[in-house]
Amino acid sequence: MEAFTDQNETSLIYKGEPINKHFPALQQSVYGKPLVYFDNAATTQKPQAVIQAITDYYSTINSNIHRGVHFLSQKATDAYEVTRNAVAEFINASHAYEVIFTKGTTDGINLVADAFGSYALGPGDSVLISAMEHHSNIVPWQIACEKKGASLKVIPMNEAGELLMEEYEKLLDDKVKIVSLTYVSNSLGTINPVKEVIRLAHERGIPVLVDAAQAVQHTKVDVQDLDCDFLVFSGHKMYGPTGIGILYGKEEWLNKLPPYQGGGDMIKTVTFEGTEYNDLPFKFEAGTPHIEGAITLLSALEFIKEVGLDNIERHESELLRYATESLSEIPEVKIIGTAGQKAGAISLVVDGAHPYDIGVLLDKMGIAVRTGHHCTQPVMDFYKIPGTLRLSFAVYNTKEEIDLFMSSLKRAIRILI
């Protein structure tokens, strides 16, 4: 199924109709206004295919997996592993067993931070992250460093929200044991040069974790091309269900690291004297997983594949360009984060008005945006602001919605200033 853009409505057309028609939540009104949803970096809405898959799972094959011999368990187990294979194909992993199901991006980072910290960190060592990280890629590493007497170092950025690569190279000393950074900043929209970051780290034998939570829904992510050692992302930000995420890890590293949690399915044998751990990927999947989430994530992957990441990237890039140009015409507005390479999101402040107040007024006009620090308080401290108003794009957004946002924003400014 090939998606295309209707030039009259600037909407992606999917299966013969505007793509937003496939998203039931977008058909509603709020406060008597048609819903315009620009909070996609927080979570995306779900297409009918994903919603139907959730219903079908609970209606037909709901069962625990891997340990049952009966029909439903076998069906659920097969469906669970089909998704794992589909994820491996989606990110071009070498092996399906390099794909670990998690609760989400945060859970994946915590898994690596805890296991890697236990395995490789010691007194005097350091972990290197970037200045634009989400709290979920800061706090787990702080905890790991505190446990091991290691230190956390930060790659600085400039006013545009771009990493200072010369400073990064200077920080790559013998004490750095791992680099962990975001592919796309959730608060600035910056696309980081992750391939170059990985190459420079690997020249010194340092592994790299990539937080792709804000990348996989916007552009093709190929773990073999990137050569990253770990990569994490969440289902709910890519049109899938909540509570399910992916950790990709190179086989070599996943075999080296100790288990993150103990329990059922991550073992081969257990005695009171000791335990033999299971093979990959089950070594890192203790207990009953989010079976429904994993199985129905397949529908989200199939939706993205059918629409086409090239179409999605082209469409969203045009929305980003159009919104940026429109915002530049409002003198009270300042865009925070003006990197040359951006995706998915625009953060802004309005001179003389708090982001929260603007967001509340926009909500009353039917427009959903995000306000605050977006779990990137160090970024806000860097710019010396309390927070921003962020609009973030998805496959179902249109230029007409941006026009409505612009008129509503101007109205909110007139009310507040």
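The values are calculated or read from the model by the stated rules, or taken from the named source; none is laboratory data. No experiment lies behind these values; they were computed from the predicted model shown. Every residue, glycine as well, gets a Cβ built from its backbone with ideal geometry; the counts of neighbours run over all protein chains shown. Areas reflect the complete protein model, heavy atoms only, side chains present, ligands, DNA and RNA absent. Shrake-Rupley method; radii C 1.70, N 1.55, O 1.52, S 1.80 Å.
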Return the total of residues in the stretch 23-33 being touching a residue at least 40 places away in the same chain (Cβ under 8 Å) and either in a helix (DSSP H, G or I) or touching a Pro at 6+ places or on another chain (Cβ under 7 Å) (or both).
2
Taking interchain pairs and intrachain pairs at least six residues apart, which have beta carbon atoms under 6 angstrom, with the first residue in the stretch 354-372 and more than 20 Å from Q28 (Cβ to Cβ) and the second open to solvent by 20 Å² or more (accessible area, probe 1.4 Å) and in a strand (DSSP E or B)?
P355/T371; Y356/T371
Single unsatisfied condition, G293 versus (1) under 19 Å from the mean Cα position of the chain (by Cα); (2) at pLDDT below 90
(2)
Please enumerate the residues belonging to the stretch 141-166 that are open to solvent by 40 Å² or more (accessible area, probe 1.4 Å), out of contact with any Cys (no Cβ under 8 Å at 6 or more places or on another chain) and farther than 22 Å from I336 by Cα.
Q142, I143, E146, K147, K148, G149, K153, E166
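Let's see how each residue does on (1) touching a helix residue (DSSP H, G or I) at 6+ places or on another chain (Cβ under 9 Å); (2) among the β-branched types (V, I, T); (3) within 28 Å of K256 (Cα to Cα):
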residue: I267; (1), (2), (3): yes, yes, yes
residue: T271; (1), (2), (3): no, yes, yes
residue: D279; (1), (2), (3): yes, no, yes
residue: E285; (1), (2), (3): no, no, yes
residue: I291; (1), (2), (3): yes, yes, yes
residue: A300; (1), (2), (3): yes, no, no
residue: V307; (1), (2), (3): yes, yes, no
residue: D310; (1), (2), (3): no, no, no
residue: E318; (1), (2), (3): yes, no, no
Checked the stretch 225-264 for anything open to solvent by less than 30 Å² (accessible area, probe 1.4 Å) and on the phi > 0 side of the Ramachandran plot; matches are Y239
Kindly indicate which of A286, A323, A294 is open to solvent by 20 Å² or more (accessible area, probe 1.4 Å) and either of a type outside the set (D, E) or touching a residue at least 12 places away in the same chain (Cβ under 8 Å) (or both).
A286
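A quick yes/no check of all residues on (1) under 15 Å from I100 (Cβ atoms); (2) touching a helix residue (DSSP H, G or I) at 6+ places or on another chain (Cβ under 7 Å):
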site	(1), (2)
E203	no, no
P207	no, yes
H218	no, yes
F230	yes, yes
Y239	no, yes
I244	yes, yes
G249	yes, yes
